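Engineer: Have a look at this one.
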Amino acid sequence: MTLKYLIQKEFLQIRRNAFLPRLIIVFPIMVMCVLPWIMNQEVKNIVVDVVDNDRSALSQRLVHDIEASKYFIFNGQKANYEQALQEVQQSLADIILVIPRHYSRDLVAGRQPQVLIAANAVNGTKGAMGSAYLSQIVTSHSNPSVAAIQSRLQTLNLYNKHQNYKLYMIPALLAIVMMLLCGFLPALNIVGEKESGTIEQINVTPVSKWSFILAKLIPYWIIALFVIVVCLLLSWLVYGITCQGPVALVFVLAMLLALFWSSFGLVISNYSDTMQQAIFVMWFFVVMMLLLSGLFTPARSMPDWAYATTYVNPMHYFIDAIRTVFIRGGGLSSILHQLAALAGIGLLMATWAIASYKKNS
């Protein structure tokens, strides 16, 4: 019965706060409606300068192939390499293509002309991917046999058949929403009561530590369920994207992640004396766990010492599992390992949250 009134108290505090109810509603809506459009790692809109020293029909056909590509923005033909390089130095162009003299003559004679591709590597990903795209166009244009082979190649996409990057990012955005709402809000909860002095009123009551901490956790688990429902509805209504696997597994994964982040937030709150301290400590761990989770880059691409951190990073297990269920349509047997890891880490963190709360402080 005591737990019931403590939970009621938490919901009353949330409702009386003029900002939190709006944040809980607006934040997932903004994340799901805005971020899938901009969190796209496909490299496009690469500005290309072309220096055509041959001025033949074949060289102009190559130029037109570049113009027609969806990855490039054709910035015009330049008189010489120095003029094109000056535009790269001024950040007006990203890549330079220099077509040599006698380009068409060498092609007709069966020789491979040496085409120069110079990329601005300040943005390494854009420079490398842009050079690769441009090399494919040049190779297929100068070597008809390669073009014929490429035309016969067929790619079979078993998952995400239309190569829609939003389908890949939406499950990851669920992790970000859960992390920020279910992590930061509990972290500021107890600290807020410490600063206002209301925590002292709890300390002099016979309320047990586990009842107090559980009353702090349950409201955020309910908020997590609400947020997941909103995100799944927006994914269907806005993008027409639905979960390919059992939706129940999405909720189970979300609740386990909410268990970890809400418990972790309370642990930080128990050890912090001010909101500023709690925010900075929480932000440090949030950034580290997010960047090391494999959300933006494949985890296997990280150094061995960095990849070793994924074994204790619940974000890594959640993102791996939610993409397996949401995109690939995997079932319970496909994510048992991730479920066990999330449950273990979450329960460990919840135990720490209860043990670290000093009732008589």
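Engineer: Please report the antiparallel percentage of DSSP beta bridges with both residues in the chain, rounded to the nearest 5. Present the calculation step by step, with values, prior to reporting the outcome.
Structural biologist: On the way: 4 of 13 bridges.
Taking every DSSP beta bridge within the chain, about 30 percent pair in antiparallel fashion.
Engineer: Let me ask you something else. If you average the C-alpha positions of region 51-111 and of region 199-248 separately, how far apart do those two centres end up, in angstrom?
Structural biologist: Computed from Cα coordinates, the inter-centre distance equals 56 Å.
Engineer: Among Val26, Val281, which comes first, second and so on when ranked by fewest other beta-carbon atoms within 10 Å?
Structural biologist: Numbers: Val26 10, Val281 16.
Ranked by crowding around the Cβ, least crowded first: Val26, Val281.
Engineer: Hey, which lysines would be in cross-link range of Lys194, C-alpha to C-alpha under 20 Å, not counting anything within fewer than 8 residues on its own chain?
Structural biologist: Excluding near neighbours in sequence, the set is Lys9, Lys209, Lys216, Lys358, Lys359.
Engineer: Would you mind calculating the relative contact order of the chain from Cα pairs under 8 angstrom and at least 6 residues apart, reporting the percent as a whole number?
Structural biologist: Details: 472 pairs, mean separation 66.6, N = 361.
Relative contact order, the chain: 18 percent.
Engineer: Another one. Only Lys, Arg, Asp and Glu count, each charged at its Cβ (+1, +1, -1, -1), so figure out the dipole size of the chain about its Cα centre, rounded to 20 debye.
Structural biologist: Values: 25 positive and 17 negative charges, 168 e Å.
Dipole of the chain, to the nearest 20 debye: 800 debye.
Engineer: Can you classify region 200-306 as rounded, prolate or oblate using the Cα gyration tensor, where a ≥ b ≥ c are the square roots of its eigenvalues, rounded means a/c under 1.5, and otherwise it's prolate if a/b beats b/c and oblate if not? If you can, show how the numbers build up before the last one.
Structural biologist: Values: a/c = 2.52, a/b = 1.36, b/c = 1.85.
Oblate.
Engineer: Turning to a different aspect of this structure: State the label only: which of (i) 169, 96, 36; (ii) 72, 46, 35; (iii) 93, 44, 40 corresponds to Cα extents along the principal axes in Å computed from the shown model?
Structural biologist: Step by step, Cα extents along the principal axes in Å for this structure corresponds to label (iii).
Engineer: As I understand it, the dipole of the chain uses +1 on the Cβ of Lys and Arg and -1 on the Cβ of Asp and Glu, about the Cα centre. Which of Gly130, Ala224, Gln277 lies farthest toward its positive end?
Structural biologist: Ala224
Engineer: Taking only Cα atoms, what is the 0 to 90° angle, nearest 10, from helix 124-142's long axis to the longest principal axis of the chain?
Structural biologist: Long axis of 124-142 versus the principal axis of the chain: about 30 degrees.
Engineer: If you take every DSSP beta bridge whose two residues both sit in region 46-152, what share of them, in percent to the nearest 5, is antiparallel?
Structural biologist: On the way: 4 of 13 bridges.
That works out to approximately 30 percent antiparallel.
Engineer: Write out the trypsin sites (Lys or Arg not before Pro) in region 60-120 meeting two conditions: DSSP loop, and at most 12 other Cβ atoms within 10 Å of their Cβ.
Structural biologist: Numbers: sites: Arg61, Lys70, Lys78, Arg101, Arg105, Arg111; in loops: Lys70, Lys78, Arg101, Arg111.
Here the sparse-neighbourhood loop sites are Lys70, Arg111.
Engineer: Something else about it: Charges on Cβ only, +1 for Lys and Arg, -1 for Asp and Glu, centred on the Cα centroid of region 46-152; of Asn80, Ser140, Val50, which one is farthest towards the dipole's positive end?
Structural biologist: Value computed over the given set: Ser140.
Engineer: Still on this structure, please answer the following. For Leu249, Leu3, what's the fewest-to-most ordering of other Cβ within 10 Å of each Cβ? All intermediate terms of the calculation are to be shown ahead of the outcome.
Structural biologist: Working: Leu249 21, Leu3 15.
Listing Leu249, Leu3 from fewest to most nearby Cβ atoms yields Leu3, Leu249.
Engineer: With contacts defined as alpha carbon pairs under 8 Å and 6 or more residues apart, what's the relative contact order of region 299-354 in percent? Don't skip to the end; give the middle numbers.
Structural biologist: Values: 23 pairs, mean separation 17.1, N = 56.
Answer for region 299-354 is 31 percent.
Engineer: Under 8 Å for C-alpha pairs, at least 6 residues apart: give me the relative contact order for region 217-326, rounded to a whole percent.
Structural biologist: Details: 72 pairs, mean separation 35.2, N = 110.
Relative contact order of region 217-326: 32 percent.
Engineer: While we're looking at this one, here's another question. Taking the inverse of the average 1/r across all pairs of different Cα atoms in region 263-361, what Kirkwood radius in Å do you get? Don't jump to the answer; show the numbers that get you there.
Structural biologist: Numbers: mean 1/r = 0.0663 Å⁻¹.
Kirkwood hydrodynamic radius for region 263-361: 15.1 Å.
Engineer: Is region 46-152 best put as rounded, prolate or oblate by its Cα gyration tensor, with a ≥ b ≥ c the root eigenvalues, rounded for a/c under 1.5, and otherwise prolate when a/b is larger than b/c, oblate when not? Show your work: numbers first, answer last.
Structural biologist: Values: a/c = 2.06, a/b = 1.35, b/c = 1.53.
Oblate.
Engineer: Turning to a different aspect of this structure: Which of Ile38, Ile99 comes first, and how do the rest follow, when ranked by fewest Cβ neighbours within 10 Å? All intermediate terms of the calculation are to be shown ahead of the outcome.
Structural biologist: Values: Ile38 7, Ile99 23.
Result, fewest neighbours first: Ile38, Ile99.
The numbers here are math on the coordinates, done by the rules we state, and not lab data. As the structure is a computational prediction, the values presented were derived from the model and not from experiment. Positions of Cβ are generated from backbone atoms using ideal geometry, with glycine treated the same way; all protein chains shown enter the neighbour counts.
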